[in-house]
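Trainee: Once you've had a glance at the structure underneath, I'll fire off some questions.
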Amino acid sequence: MIVVTTKRKASMEEEDEGCERWMVVVAAFFVQFIVCGVTYSLGVFHVIFKDIFYESHFDTSWVGSILLYITALSSVMLRFVTSYWGSRVSVMVGGVMASTGLALCMVVTELYQLYMAFGLLVGIGFGLAASPSIVAVERSFIHGRYQALSFVVAGIGAGIITFPIMIRYLLEWFAWRGTFLILSGIALNLCVCGATMRPRANDKELRLLPLLSCLPMRHPLFHGMCIANLFWSFGSTIIYMYLPAYAISQGTSFETSTLLVSCIGMASFCSRMIFAFMGHNSTLDEVTSVLCSIGLGVVITGICPLLFEHYPGQIGYTLLFGFYSGFWTTFLSQVARELIGPEYIALGNGYLSCMVGLGSLAAGPAAGLLIQEENEYKYAFYLAGSCLLWSSIIMVMFKLKRCVAPSREDFEHQKEKDDIQKVPLILDELGSTKEKVPMLADDIVVCV
């Protein structure tokens with residue numbers, strides 16, 4: 001989700017509330033920890049649901065696919081909750097809905113009931129909680145925002161590392177119904193996190209840009225970004241959903257296969273931290289872009305069947321994919337900022353979220369059909385790797401064609417009128433028209 005908030009000068013009250021603002025950061029960290037921990041454990045849930053209900057991969061995969069689709073879509077479609085009632089209400093309502101959905105999973109007797117409880121209800125709850133928690137951090141910080149967000153984003157990796165292993169032990173001790181009861185209680189802690197995000201006395205009302213504006217759609221660069229998001233979402237969903245099942249088919253135990261998902265979280269976390277430490281433009285040089293984007297994509301696509309023959313190879317595959325995943329999210333953000341500009345990403349964020357949601361919705365069932373037809377997991381992973389590779393190729397091609405043009409005086413404050421600097425390609429071409437981005441003079445764009 002990408003929103004626009006009002007830029008304000010730091011006041012004495014804000015300086016005195018430093019401790020309280022960092023409490024919001026800690027709360028947002030645990031929101032990401034819980035939401036992403038449960039969401040990215042969908043491969044573990046897929047194995048559980050398939051064994052319990054004795055359904056096919058195609059039918060079972062809809063549970064996780066619906067969860068991802070609804071989470072992506074509701075974070076945009078329900079943004080009015082944050083706009084009218086603030087982040088506190090949105091996160092707390094999301095916590096109640098997610099907790100209720102997980103609790104209802106205890107009493108389901110048919111797979112379609114999981115579509116409603118785990119897919120729909122939990123997805124809406126997570127969508128209401130995830131993005132507004134980051135909005136709360138953005139609104140609490142004027143200085144030190146990058147450091148605060150880096151800490152919050154670390155909750156994603158921490159959740160992916162922790163939850164698969166935790167779910168494994170919960171299944172051993174409390175069976176699957178007891179596991180969902182405990183997960184329901186954990187999700188209810190989102191309400192506690194939301195309660196710390198109290199409205200600030202001097203906050204102005206949040207103003208959201210229209211998320212389905214036609215302006216970004218007039219440039220092929222934005223179309224390319226939408227397609228890249230679709231391919232990446234499709235490929236990564238297949239890997240997260242079928243990784244434990246693929247490992248089990250190769251003789252790995254269920255208990256050990258859950259560790260593979262945690263390995264993805266570890267590698268992704270390290271990758272994000274490495275490129276964050278290297279700076280805002282750490283992935284934009286040509287060598288890093290080509291080697292990490294296309295090079296890792298080729299490796300992951302080509303050698304997955306060889307690596308999955310033995311457990312050490314499976315760990316190696318997950319570490320490669322985790323590093324690739326952490327790089328990709330950083331690379332996409334930096335390339336979008338350089339070539340498109342955050343204003344136009346904000347105006348077209350609804351399209352991007354739809355692409356992510358559609359990719360997640362289609363990936364699981366499509367791969368399930370392929371697995372059932374060929375009776376092999378490797379073809380589904382070839383498909384996943386190919387999609388990841390194409391998403392990287394698309395963005396690298398646009399990145400290598402970036403332009404250098406004189407910047408407009410109304411785009412950035414210039415010290416000298418004759419300066420030449422890199423301007424987002426989409427701004428340069430749209431700059432020749434009379435249409436302007438609907439922003440106020442004191443607004444800043446906040447990417448979530």
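Trainee: If you wrap segment 208-278's Cα atoms in a convex hull and average its projection over all directions, what's the area in nm²?
Mentor: Seen from a random direction, the Cα hull of segment 208-278 projects 7.7 nm² on average.
Trainee: Compute the distance in nm between two label points, each set 7 Å from the Cα along the Cα-to-Cβ direction, one at Met116 and one at Ser333.
Mentor: Output for this residue pair reads 3.8 nm.
Trainee: Further, regarding this structure: Explain nothing, just compute: Karplus ³J(HN,Hα) = 6.51 cos²θ - 1.76 cosθ + 1.60, θ = phi - 60°, for every residue of segment 349-363 in order, whole Hz, x for Gly and Pro.
Mentor: Going residue by residue, I get 5, x, 5, 4, 5, 5, 5, 4, x, 5, x, 5, 5, 7, 5 Hz, with x marking Gly and Pro.
Trainee: Also, I was wondering about something else. Work from the charge dipole of segment 31-172 (Cβ charges, +1 for Lys and Arg, -1 for Asp and Glu, about the Cα centre) and give the residue of Val122, Thr71, Ser83 farthest towards its positive end.
Mentor: Ranked along the dipole, the leading option is Ser83.
Trainee: Tell me, what is the 1.4 Å probe accessible area of Arg198, in Å² to the nearest 10?
Mentor: The accessible area comes out at roughly 100 Å².
Trainee: Going by accessible area, probe 1.4 Å, with all protein chains left in place, what is the ranking of His57, His223, His143, largest first?
Mentor: Reading off the accessible areas and sorting them downward yields His143, His223, His57.
Trainee: Explain nothing, just the number: dipole magnitude of segment 106-259 about its Cα centre with +1 on each Lys and Arg Cβ and -1 on each Asp and Glu Cβ, in debye rounded to the nearest 20.
Mentor: With Lys and Arg at +1 and Asp and Glu at -1, about 540 debye.
Trainee: Follow-up question, since we're still on this one. Using R₀ = 45 Å, calculate the FRET efficiency as 1/(1 + (r/R₀)^6) where r is the Cβ-Cβ separation of Trp173 and Trp22; round to 0.05.
Mentor: Efficiency, from the Cβ-Cβ distance: 0.80.
Trainee: Work out Dmax and Rg for segment 80-236 from the C-alpha atoms and quote the Rg first, both in angstrom.
Mentor: Over segment 80-236's Cα set, Rg and Dmax evaluate to 18.5, 56 Å.
Trainee: Treat each spin label as a single point 7 Å out from the Cα along the C-beta direction, and report the Gln372 to Tyr54 distance in nm.
Mentor: 1.6 nm
Trainee: Further question on the same structure: Using per-residue counts of other Cβ atoms within 10 Å, averaged over each peptide, order 382-390, 46-54 from highest down.
Mentor: Ranking, from highest mean packing down: 382-390, 46-54.
The values are calculated or read from the model by the stated rules, or taken from the named source; none is laboratory data. Please read these numbers as outputs of a predicted model, since none were measured by experiment. Cβ atoms come from the backbone with ideal geometry, glycine included; neighbour counts cover every protein chain shown. All accessible areas refer to the heavy atoms of the entire protein, side chains included, with ligands and DNA or RNA removed. Shrake-Rupley method; radii C 1.70, N 1.55, O 1.52, S 1.80 Å.
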